[in-house]
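Here the structure comes first, spelled out in structure tokens, and everything after it is commentary.
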Amino acid sequence: MNCKENLTRDLLEVDQLLRTDRVESAIERLRSLSEAHPENPRVIRRMAFANIKQGDIDQGLNQLAALVDSNPDDAVSAFEYGRSLGRVQKIDQAVTVLQELVGRVPGFVPAWYSLGDFLFERGDIVDSRRAYHQAAENDPFRDKIDEAKRAMQAGKSDLPETLLTEVLSRDPGHVEALAGIEAIAMARGDWIKAERMCMQVRERTHYWPTFLLGQSQLFLMTSRFEDARQSLSTLVQLEPENFLALNMLGTACEWLMLPDEAIAAFRPSLELIPDQPRALVSIANIQRVVGDRAGSEATLRHAIEMEPGNGEAVWALSNLKNYQFSSDEISAMEENLGRDSTSLHSAAPMHFALGMAYEQNGLFDSAFMQFDAGNTIQKRHSRFSGTLYEQEIERLCQTYDSDLLSSRLDRNSSEQSNPIFVVGLPRTGSTLVEQILASHSRVDATMELPFIGQFVRELAAREESIGPYPESARHLSDADLEAFAQRYFDAAQIYRGEADHFIDKSPDNFIHMGFIAMMMPNAIFIDVRRHPIDTCLSAFRQRFAVGGEFTYDIRDLGRYFRGYRKLMLHWDSVMPARIYNVIYERLVGDPDVEIRRLLDFCNLPFESACVQPHLSRRPVRTPSSEQVREPITDSRVGFWKNYEDHLLELPGMLQPEIVEFESALLSNSNTQG
């Protein structure tokens, strides 16, 4: 290995030290390298970075300035000097250095991105956009990037990635190529790779509009709605007429339960392009969430008038639950499905809406055919694997055993308050339980918080360093768990008030209960259960556009239910008396008694508001928003019997689970162990 290769290897090690904040070690190594290479720009630049990182800002900047003065043709040093000035908020100086550089070397594309960033921070929006445009205009790989974009638009599967990978092989930090790989990863649902690409782009630019849009899409798809809101607010500053950004901003605010801000984003989008029925559907959903039933219905009718075949709008109308379709509306749905019976975003929701209309009229056989047709369309796009799911359940049971959990649940914790996790399967009454608890003066409602799933994905992404999840959970230290807990409480803060408790109603957190208990030993778990066949049917009848891929097939639902009960019985065995089981049929049959028991388990005094949850005016985002605004009723108990002839597989698949449920229903206990 020659001297140059040795130096490159040494500098890579220094870079790793700086990335992991081991600055003192990096400086010590650089001092040794400086003695051997006193005038080497690469060594001097890293010493400057280390000094700035350590807090010796003036010394680091002076080192870079001297390097630029002594090497006026060194574009890399000028670029790093300009970036470093901007990073320590010397924005005007950074802009001056970078403008001089791109004026002299317009093909130094990274400098255009940094210049655009600092111009934006200075408030020069127009000049910032021009800088980003120049980055594209001066890109030496422009032809390859444009060819990859055309291939993406044409729906070609492998060519775009091949072209972008070729660019990255020649320029590993190429911003547009990295952003393109991120987009491809998102389209495939590979969130870990998409996140990795997004981070690499973020290291090179913060405000390039294409990056902000891709980052925001990633945030929305991974349920980081506050991050998405901030990213999109910035993008709208840069591109106030970007209707797609405005719609995405409205969606982020909708999920954050900020209805006024959401509508304030959708309205200017509709002013820019009035013919947007999907934006109207979003506004209608917001109106439904806040309880404006009449406004929601009127907005949906407007969307349907605008586009009669819009399945999303018709489904949203049926999702008002007690909306009664007229014979003319039913005929219109049948005619639309005669023209298009297979598309994902129009026909699938239309099938579900027509199924609901038939069901209202007692035509259960016809209704089931429509639900099945809608689910069949969605299943074609599903990645759910019952086998992989069952393997995941088995690994969770093996990892989170009594030895691991008993040792972690006894530790002292600095939890700020006791979160109440409402878990289970969808359509079991979990929203009703949430509404009951949220009616208590000492409990804050939030939403289906995404943070636990994010933490688990984060652990899974660290497989190379800590091993695969869930097995890697065994190696988490108390300090690791405390850090996760603190991050959870910090992230949840914007969704809650000042009450002693707050609710996290993410039903699929049942998968993560071992991890949650290790993080937060004082967490309260409420498992909401319903008759197995009623549970499966109700999920099958409900259109889940995202997040419910196991509901698209009756057999998949049966397998998922079996896995859920296997895991819940495991949690009951390794965390005895820690989980409260709400039986939906008992709750709606004798609400006064069952609600008192629930409050007792949560160490909450009885309050009469809890037995009248329908009077609460809080926003409810789930599909049950209309039902929980009505008095508690047992009218849906045993509803599956209307569809019994279409569910013949389930009694056999779920016989042990049905026997276990019926035993629990007759029991006078709400806990096991």
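The values are calculated or read from the model by the stated rules, or taken from the named source; none is laboratory data. Because the structure is predicted, anything quoted here is derived from the model rather than measured. Positions of Cβ are backbone-derived with ideal geometry, glycine not excepted, and every protein chain shown enters the neighbour counts. Note: accessible area is taken over every heavy atom of the protein model, side chains too, but ligands, DNA and RNA are not part of it. Shrake-Rupley method; radii C 1.70, N 1.55, O 1.52, S 1.80 Å.
Within the range 235-261, the set of residues being assigned to a helix (DSSP H, G or I), of a type in the set (S, T, N, Q) and buried (at least 18 other Cβ atoms within 10 Å of the Cβ) comprises Asn247, Thr251.
Just one of the listed residues (Gly309, Gly295) is open to solvent by less than 50 Å² (accessible area, probe 1.4 Å), outside any helix (DSSP H, G or I) and either modelled with pLDDT under 95 or touching a Lys or Arg at 6+ places or on another chain (Cβ under 9 Å) (or both), namely Gly309. Contact map, the range 554-569: first residue of a type in the set (Lys, Arg), second residue open to solvent by 10 Å² or more (accessible area, probe 1.4 Å) and part of a helix (DSSP H, G or I), Cβ cut-off under 6 Å, separation 6 or more or different chains; pairs are Arg565/Glu657.
For every residue, the table says whether it meets (1) over 16 Å from Val88 (Cα atoms); (2) open to solvent by less than 40 Å² (accessible area, probe 1.4 Å); (3) in contact with a helix residue (DSSP H, G or I) (Cβ under 6 Å, 6 or more places away or on another chain).
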{"residue": "Glu28", "(1), (2), (3)": "yes, no, no"}
{"residue": "Ser32", "(1), (2), (3)": "yes, no, no"}
{"residue": "Glu35", "(1), (2), (3)": "yes, no, no"}
{"residue": "Val43", "(1), (2), (3)": "yes, yes, yes"}
{"residue": "Phe49", "(1), (2), (3)": "no, no, no"}
{"residue": "Gly55", "(1), (2), (3)": "no, no, no"}
{"residue": "Leu61", "(1), (2), (3)": "no, yes, no"}
{"residue": "Val68", "(1), (2), (3)": "yes, yes, yes"}
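Candidates Met333, Met350, Met356: the one that is closer than 23 Å to Glu630 by Cβ and either at pLDDT 95 or above or in a helix (DSSP H, G or I) (or both) is Met356. Scanning the range 127-158 for residues that are without any contact (Cβ under 8 Å) to a residue 12 or more places away in the chain, of a type outside the set (Asp, Glu) and more than 29 Å from Gln237 (Cα to Cα) returns Ala154, Gly155, Lys156, Ser157. Going through the range 146-161 one residue at a time, which ones are among the polar types (S, T, N, Q) and under 14 Å from Met186 (Cα atoms)? Listed by number, the list holds a single entry, Ser157. Of the residues examined, Gln230 is one that is within 21 Å of Tyr495 (Cα to Cα) and of a type in the set (S, T, N, Q). Listed by position, the helices (runs of 4 or more DSSP H) contained in the range 524-597 that have at least 3 residues being surrounded by fewer than 20 Cβ atoms within 10 Å (Cβ to Cβ) and within 28 Å of the chain's Cα centre (by Cα) are 554-574. With respect to Phe384, is the statement that it is within 30 Å of Ile511 (Cα to Cα) and open to solvent by less than 70 Å² (accessible area, probe 1.4 Å) true? The answer is yes for Phe384. Against the conditions (1) within 22 Å of His133 (Cα to Cα); (2) in contact with a Leu (Cβ under 8 Å, 6 or more places away or on another chain); (3) aliphatic (A, V, I, L, M), Met186 satisfies every one except (1). I'd like to check something: does the range 214-227 contain any residue that is under 13 Å from the mean Cα position of the chain (by Cα), at pLDDT below 95, open to solvent by 70 Å² or more (accessible area, probe 1.4 Å) and among the hydrophobic types (A, V, I, L, M, F, W, C)? Scanning the range 214-227 turns up at least one residue that is under 13 Å from the mean Cα position of the chain (by Cα), at pLDDT below 95, open to solvent by 70 Å² or more (accessible area, probe 1.4 Å) and among the hydrophobic types (A, V, I, L, M, F, W, C). Elements of the type helices (runs of 4 or more DSSP H) sitting completely within the range 113-207 and holding at least 2 residues that are modelled with pLDDT of 95 or more, of a type in the set (A, V, I, L, M, F, W, C) and touching a His at 6+ places or on another chain (Cβ under 7 Å): these cover 159-170.
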